[in-house]
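Note sheet for the following structure.
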Amino acid sequence: MKLSVIGTGYVGLVAGTCFSETGNEVICVDIDEAKIATLQQGKIPIYEPGLEEMVRRNAEEQRLLFTTDVTSAVRNSSIIFIAVGTPQGLNGNANLEYVRNTSKSIAKAMDGFKIIVTKSTVPVGTADQIRQWISEETSHPFAVLSNPEFMKEGAAVEDFMKPDRVVLGGDDAEALEIVKELYEPFLRTGNQILVMDSRSAEMSKYAANAMLATKISFINEVSRLCEYMGADINDVRRAIALDRRIGQHFIFPGVGYGGSCFPKDIRAIISMGGDQEEMSLMKAVEQVNERQKRVLVEKIKRRFGAKLSGKIFAVWGLAFKPRTDDMRDAPAIVVIEALLQMGARIQAFDPEATVEARKIFGDRIVYAARNYDALDGASALLVLTEWNEFRRPDFERIKELLKEPIIFDGRNIYDPVDLKKLGFDYYSIGRKNG
Ligand SMILES: NC(=O)c1ccc[n+]([C@@H]2O[C@H](COP(=O)([O-])OP(=O)(O)OC[C@H]3O[C@@H](n4cnc5c(N)ncnc54)[C@H](O)[C@@H]3O)[C@@H](O)[C@H]2O)c1
């Protein structure tokens, strides 16, 4: 099949590349000329495991093209995916400006029947809105389908190639059949494609993210109570995880959720409810998360006081989670800004996110080239992202490099008993002796 993906970001690039991997001819479009130039040179502008090699291979086979020319892309495709950003608007609502612009450019370029598929996360009712925007510009026939994306950054290629499920919304039977066929190669292991109306498909994406964010805020709140009452969240977590109705996934306490999706999607749900349906649980989920992002700052204040001038803090991990360079709404931003405000100096290391972090902090922090370099002369180490390479460090070396042997572990990756034996003052989330 011949298809285009408009918006070549995390989602668009992964989706376009994976569709080309199964033999389709794919044109990836973006308005960002620098991004397209980088991709045309066989380099990818983001870090995503396994993606660069797949992009290069399919580009070499001429199945994957990159362009800023939306008109030729639309004319050379029968299916057009919209994968542009839907950032937070002024009132917490999803800003549909990019979706609107894209719909209008598709419509203006149309020269016959096209299937337009929304992959961006969009509020319920957006498919109807897109239909209207397009029909204002063209008299050519078209179908609009909703196909929310559930991939996880850091495992996006794997998730796309072997999805838990594919959700497809719409009412044009012929268009649905064509897009179902496009997904067929990804569902060989028996995972399902669920067809429903557009509104339910759009809602499914928000409901999934709301559930996941709720799990995180839930366990974070319980971890606070554990600390207060002298229980250990690690034991409590394991005890509840064995109940199959609860399950073991996504109930790890930490410094709060971040990233480009959960924060904005939770706010978009609250905004969707408006005055009619108060989303009280979602408001609480967000409130707990905002508080949780400051949990290490509170511990640091208790340990060192509120004035940190002259002190250096080492930070391991800046990205909002491991295996990505994405810094959007990362908890590290809140933690580091708070410490800078209190007069501290920061020496940070992240295996992939330094370029993105520099866009946020500029020269206000020092970026270490290696993880141990960040420790030199620091009063404490903070672990903010659980990259695998931080899990088994050389603790003796850490002790030698730090001014004082103190670790604030925002991801509970070390054992409190072991660290105590090694002579560290160890602070973690919701655990005894830590
Ligand atoms: N990142 C994720 O893990 C993830 C997962 C599932 C769903 N989503 C959703 O997918 C959508 C895209 O997310 P992302 O993380 O890929 O965003 P992104 O910011 O990485 O990429 C969006 C791209 O769209 C481009 N763009 C904007 N307007 C355009 C236009 N008119 N024409 C062509 N290109 C245009 C931008 O230049 C950018 O490269 C969002 O709605 C997001 O909520 C994201």
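Compared with the dominant principal axis of the Cα atoms in the chain, helix 262-273 is inclined by about 60°. Peptide packing: for 9-17, 176-184, the average count of neighbouring Cβ atoms within 10 Å per residue gives the ranking 9-17, 176-184, highest mean first.
Considering only Cα atoms, the convex hull volume of the stretch 293-427 works out to 92 Å³ per residue. Dimensions of the stretch 160-259 based on its C-alpha atoms, expressed as ranges along the principal axes with the largest first, amount to 60, 27, 24 Å.
A protection proxy built from the mean count of other Cβ atoms within 10 Å ranks the segments 233-240, 188-195, most packed first, as 233-240, 188-195.
Dipole size of the stretch 293-427 about its Cα centre, with +1 on Lys/Arg Cβ and -1 on Asp/Glu Cβ: approximately 500 debye, rounded to the nearest 20. Coordinate range of the alpha-carbon atoms in the stretch 189-239 per principal axis, descending: 49, 27, 9 Å. Could you work out how far the C-alpha centroid of the stretch 375-417 sits from that of the stretch 334-363, in angstrom? So the two Cα centres are separated by 17 Å. Scanning residues 5 or more positions from residue 5 or on other chains, those with amide H under 5 Å from its amide H are 27, 28, 29, 81, with H placed 1.01 Å from N in the peptide plane.
When DSSP assigns beta bridges and you keep just the ones with both residues in the stretch 2-195, what percent turn out antiparallel, to the nearest 5?
5 percent
Radius of gyration over Kirkwood radius for the stretch 206-289, both on Cα atoms: the Rg/Rh ratio is 1.02. Once the Cα atoms of helix 280-292 and of the chain are each reduced to a long axis, what angle between those two axes, in degrees from 0 to 90 to the nearest 10, is obtained? Taking Cα atoms only, the helix is inclined about 50 degrees. Expressed as a fraction of 2.2 N^0.38 Å, the C-alpha radius of gyration for the stretch 72-145 is 1.07.
Computed per residue of the chain from DSSP H runs no shorter than four, each worth -39500 (n - 2.57), the mean residue ellipticity at 222 nm is -13000 deg cm²/dmol.
Among 232, 128, 418, the residue with the largest mean-square fluctuation in a Gaussian network model of the chain, with springs joining Cα atoms closer than 10 Å, is 418. Backbone amide hydrogens, once placed in the peptide plane, bring residue 169 within less than 5 Å of 146, 147, 196, excluding anything fewer than 5 places away on its chain. The GluC sites (Glu not before Pro) of the stretch 1-83 meeting both criteria, a DSSP state outside H, G, I, E and B (loop) and at most 13 other C-beta atoms within 10 angstrom of the site's C-beta, are 61.
Counting only alpha carbon atoms, the long axis of helix 10-21 and the longest principal axis of the chain meet at about 60°.
Note on residue 403: lysines with a C-alpha under 19 Å away, same-chain residues under 8 apart excluded, are 299, 301, 307, 311, 420, 421.
For the stretch 178-184, putting each phi into the Karplus relation 6.51 cos²θ - 1.76 cosθ + 1.60 with θ = phi - 60° gives couplings of 5, 6, 4, 4, 4, 7, 3 Hz, in residue order, rounded to whole numbers and with x for Gly and Pro.
A DSSP coil position with no more than 11 other Cβ atoms inside 10 Å describes the following GluC sites (Glu not before Pro) in the stretch 263-344: 277, 278. Computed on the stretch 107-160, the Cα convex hull volume stands at 94 Å³ per residue. The Kirkwood radius of the chain, taken over pairs of alpha-carbon atoms, gives through the Stokes-Einstein law at 4 °C and 1.567 mPa s a diffusion coefficient of 56 µm² s⁻¹.
The length gained by stretching the chain between residue 225 and residue 250 to full extension, at 0.36 nm per residue less their Cα-Cα distance, is 7.1 nm.
Kirkwood hydrodynamic radius computed over the stretch 2-195 comes to 16.7 Å, based on all pairs of distinct alpha carbons. Lysine pair count for the stretch 12-147 with Cα-Cα distance under 26 Å and sequence separation of 8 or more or different chains is 8. Using only the alpha-carbon atoms of the stretch 209-358 as identical scatterers, what base-10 log of I(q)/I(0) does the Debye formula give at q = 0.10, 0.13, 0.16 Å⁻¹? With one equal scatterer per Cα and no solvent, log10 I(q)/I(0) is -0.41, -0.69, -1.00. Taking the DSSP bridge list for the chain and keeping only pairs wholly inside it, about 5 percent are antiparallel.
Where a number appears in this text, it was derived from the coordinates with a stated rule and is not lab data. Everything quoted here is computed from the prediction, not taken from an experiment. Methodologically, a virtual Cβ is constructed for each residue, glycine included, from the backbone with ideal geometry; neighbour enumeration extends over all protein chains shown.
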